Amino acid sequence: MTAPAESVRLSKRMSELGLCSRREADEWIERGWVRVDGKVVDVLGSKVLPHQKVTVERQAAAEQSKRATILLNKLVGYVSGQAEDGHKHAISLVTAENHWKEDRATMIFHPTQLRSLVAAGRLDIDSVGLLVLTQDGRIAKQLIGEESTVEKEYLVRVEYNRPGRLPDSDLKLLNHGLSLDGKALKPAKVRWQNDDQLSFTLREGKKRQIRRMCEAVGLKVVGLKRVRIGGVKLGDLPAGQWRYMTPDENFDAAPKGLPPTDRVRTSKSAPAPDREWPDRERHPARNRAPTPLRKTAPKSTPPAPVPTAAPAQPPAPVEKPAPARPRPVSNYAPAKARSAALRNMDAAKPPATSGAAPAKPGRTLGLPAKRRTPG
């Protein structure tokens with residue numbers, strides 16, 4: 001039989017889920033902003049099982065979005081951890097006067113942003129360079145948590161205390177094979193930048209780790225500067241000044257061959273760094289000017305189809321009008337007019353058929369026959 005799952009503190013479970021830090025979790029629990037399986041839990045020290053669903057209210061997410069993360073170019077003499085005698089904490093450099101004028105972030109500085117501001121990772125008092133100060137517990141866990149795998153890059157100026165140059169075998173030992181405090185170090189990336197400067201890329205941050213690594217192979221550290229944390233570079237940020245971390249920056253990825261001012265997207269669906277910002281030295285074909293666009297003639301609309309004439313129909317037969325019927329002659333018309341009318345009527349009559357007696361003029365018109373007077 002499998003052992004039953006053990007319950008854990010709600011604040012610890014929220015930190016494991018990446019919702020917030022344990023300190024933030026306790027604040028949200030007291031305010032009633034945390035639910036377990038849909039029920040509000042507002043008692044500190046409450047425990048949950050691993051399979052239970054933990055959610056937070058919108059107020060918690062809104063407050064978390066207001067938390068600032070500051071990138072500082074630390075000076076020598078400032079500490080990042082507990083304040084030492086006669087030395088100030090690096091947070092004291094975060095003032096309105098030291099805000100970088102070329103900061104692209106839209107956030108406005110306010111003294112309340114200094115509350116709960118902590119250093120996410122150590123940087124020795126004798127070291128300079130990029131230091132992350134944040135109010136967001138998620139970022140602090142991402143950079144200094146036990147399971148953190150974020151790369152940190154340093155430029156280290158060294159002096160060799162032995163005759164000649166550092167042997168290649170010792171350089172390989174710096175990359176992998178050393179132990180500190182009885183525990184083996186994780187593999188690193190160490191290479192020469194020039195005759196007296198090395199580049200260290202680490203995935204862990206033990207106390208004075210680089211100085212102790214160099215001492216193990218006969219090197220003395222003269223200067224140490226951190227220039228990158230994950231995908232965030234120090235860039236052109238002046239010494240002693242600070243700027244806000246922008247939403248499009250991300251500590252997860254470490255792009256290669258980027259200029260200092262480039263940024264890394266936070267979206268998981270963002271393209272690979274080499275495609276987003278190609279290394280033009282390795283791809284000379286990309287240095288060419290873009291090909292000008294060809295001018296294309298505007299698309300003309302096709303002409304409307306011409307309607308075809310219907311086939312001609314044969315002309316309809318024209319009916320000849322019937323001959324006008326002559327006007328009847330009145331008995332009261334003058335004699336000459338009557339005689340002319342009778343002649344016209346006789347001319348318009350159709351010829352008589354054979355065997356039929358010719359009709360008498362007087363009867364045709366219904367007029368009495370004209371009497372002849374004796375000569």
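The values are calculated or read from the model by the stated rules, or taken from the named source; none is laboratory data. What you see is a predicted model; the values in this text were computed from it and never measured. Virtual Cβ from ideal backbone geometry, glycine too; neighbours counted across all protein chains shown. Remember, those area values only see protein heavy atoms, side chains included, never the ligands or the DNA or RNA. Shrake-Rupley method; radii C 1.70, N 1.55, O 1.52, S 1.80 Å.
Only a single criterion out of (1) open to solvent by 80 Å² or more (accessible area, probe 1.4 Å); (2) modelled with pLDDT of 95 or more is not satisfied by Lys186, namely (2). With respect to Leu173, determine if the residue is open to solvent by less than 60 Å² (accessible area, probe 1.4 Å), under 47 Å from the mean Cα position of the chain (by Cα) and not polar (S, T, N, Q). It is false that Leu173 is open to solvent by less than 60 Å² (accessible area, probe 1.4 Å), under 47 Å from the mean Cα position of the chain (by Cα) and not polar (S, T, N, Q). The residues of region 202-255 that are of a type in the set (Gly, Ala, Ser), closer than 21 Å to Gly77 by Cβ and part of a loop (DSSP other than H, G, I, E, B), listed by number, are Gly205, Ala239, Gly240. Each residue in region 106-125 was checked for being of a type outside the set (A, V, I, L, M), exposed (fewer than 13 other Cβ atoms within 10 Å of the Cβ) and in a loop (DSSP other than H, G, I, E, B), and 3 of them qualify. Residues of region 35-47 include none that is aliphatic (A, V, I, L, M) and under 24 Å from Gln142 (Cα atoms). Filtered by the rule that a residue be in a loop (DSSP other than H, G, I, E, B) and among the acidic types (Asp, Glu), region 144-188 gives Glu146, Glu147, Glu151, Asp181. Out of the residues in region 89-105 that are free of Cβ contacts under 8 Å to residues at least 40 places away in the same chain, more than 17 Å from Gly129 (Cβ to Cβ) and not hydroxyl-bearing (Ser, Thr, Tyr), state the one that is most open to solvent (accessible area, probe 1.4 Å). Checked region 89-105; the qualifying residue most open to solvent (accessible area, probe 1.4 Å) is Lys101. Check region 45-63 and report whether any residue there is assigned to a helix (DSSP H, G or I), β-branched (Val, Ile, Thr) and in contact with a strand residue (DSSP E or B) (Cβ under 7 Å, 6 or more places away or on another chain). Taking every residue of region 45-63 in turn, none turns out to be assigned to a helix (DSSP H, G or I), β-branched (Val, Ile, Thr) and in contact with a strand residue (DSSP E or B) (Cβ under 7 Å, 6 or more places away or on another chain). The one condition from (1) modelled with pLDDT under 90; (2) crowded, with 16+ Cβ neighbours inside 10 Å; (3) touching a Phe, Trp or Tyr at 6+ places or on another chain (Cβ under 7 Å) that Glu57 does not meet is (2). Residue check: Ala62 meets all listed conditions (1) under 23 Å from Leu143 (Cβ atoms); (2) open to solvent by 30 Å² or more (accessible area, probe 1.4 Å) but one, namely (1).
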